[in-house]
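Just below is one structure, and these are the notes that go with it.
Nothing in this text is a laboratory measurement; each read-out follows from the coordinates by a stated rule. Bear in mind the structure is a predicted one, so any value in this text is a computation, not a measurement. For neighbour counting, all protein chains shown are included, and Cβ atoms are generated from backbone atoms with ideal geometry for every residue, glycine included.
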């Protein structure tokens, strides 16, 4: 007897283990002799760091190792999508450091890390770290950030403008607007959002001293890409020396595509303590501070059209807030992934 499966519902094979609590997320993984890491994050959006004193933290019960920015031998995190053709936008110019050294550029930037026998001991030790900050002026509104006299974040981005990028038929659009029967103009704010997945981010790093190989368990959407970004671009090791494993991932909303400092940090910590695995699990508040945000656009648009409703032109200018430092693919999102699809599915002759 023939069975017609077209249109029939298909049972999801993964559901039974998830609804019975048999999923395997990062925090479910338990390895022999595993240590735990906590990260001290800046309470300031913009500040110089005069000094970081970890003396008391090192003496706390259960503490195995403490890391500050000056201890990290790796490169800054890579920025791999510079919105092609953007003059002067170079890789690693203003991208995140594994841990901050001379200053912080956003609230939540990592300043120090503690490795301890238990998560509670690691967090207790964080409270004993003394950071001497010199707070500096900050601004969070994109339009105010590019206004005259605004606080300057990076010397190589004058007036806080990282780059200017355009696409489309400029002359044709200007002509369409100039000759239009009707022109509609509006300012739109696409607010900043904080993705809030069920499972916060987390990772486990393990360095094998015998083979000089690394294994990284990660709550990530892109383990294959991270093998390249973390291994070669950040740590300077070949891909065959790093294995990246993504078990079950409890939501992401795009935030787990990016390359994060904690990936390299848990691997460095494991190596520094003789090859013990090191686990880091992000807290919910920490997720709001340190995992990539989205949107935060201020947009001015002009729509040219006829009185019968036909749209003949669309002109858009957007200020896109890329944050205190450039993320892995940050510049590519408000350019290629945004500007090229602004007309949607409609046939607008001049954009």
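Laid out as a table, the results:
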{"item": "Burial order of peptide ranges 314-327, 96-109, 258-271 (average beta-carbon count within 10 Å, highest first)", "result": "258-271, 96-109, 314-327"}
{"item": "Highest-first arrangement of 151-159, 61-69, where packing means the average Cβ count within 10 Å", "result": "61-69, 151-159"}
{"item": "Residues of the stretch 287-316 with amide N under 20 Å of a point placed 7 Å along Cα→Cβ from residue 184", "result": "298-316"}
{"item": "Calculated FRET efficiency for the pair residue 241/residue 118, C-beta based, R₀ 22 Å, to 0.05", "result": "0.15"}
{"item": "Per-peptide average of other Cβ atoms within 10 Å, ordering 12-21, 204-213 highest first", "result": "204-213, 12-21"}
{"item": "Sites residue 10 and residue 253, calculated FRET efficiency, Cβ-Cβ separation with R0 30 Å, nearest 0.05", "result": "0.75"}
{"item": "Relative contact order, percent, the stretch 282-351 [alpha-carbon distance under 8 Å, six or more residues apart]", "result": "29"}
{"item": "Gap separating the Cα centres of the stretch 237-253 and the stretch 256-306, nearest whole Å", "result": "14"}
{"item": "Relative contact order of the chain, pairs being alpha-carbon contacts under 8 Å that are 6 or more residues apart, as %", "result": "24"}
{"item": "Estimated 222 nm signal from helices in the chain, with DSSP H stretches of n ≥ 4 weighted -39500 (n - 2.57), rounded to 500", "result": "-4000 deg cm²/dmol"}
{"item": "Virtual spin-label span in nm between residue 196 and residue 319, 7 Å along Cα→Cβ", "result": "2.7"}
{"item": "Modelled FRET efficiency - R0 22 Å, residue 31 with residue 288, Cβ distances, 0.05 increments", "result": "0.20"}
{"item": "Gain in span if fully extended, residue 346 to residue 101, counting 0.36 nm per residue against the direct Cα distance", "result": "83.3 nm"}
{"item": "Potential lengthening between residue 175 and residue 136 on full extension [0.36 nm per residue; Cα-Cα distance subtracted]", "result": "9.5 nm"}
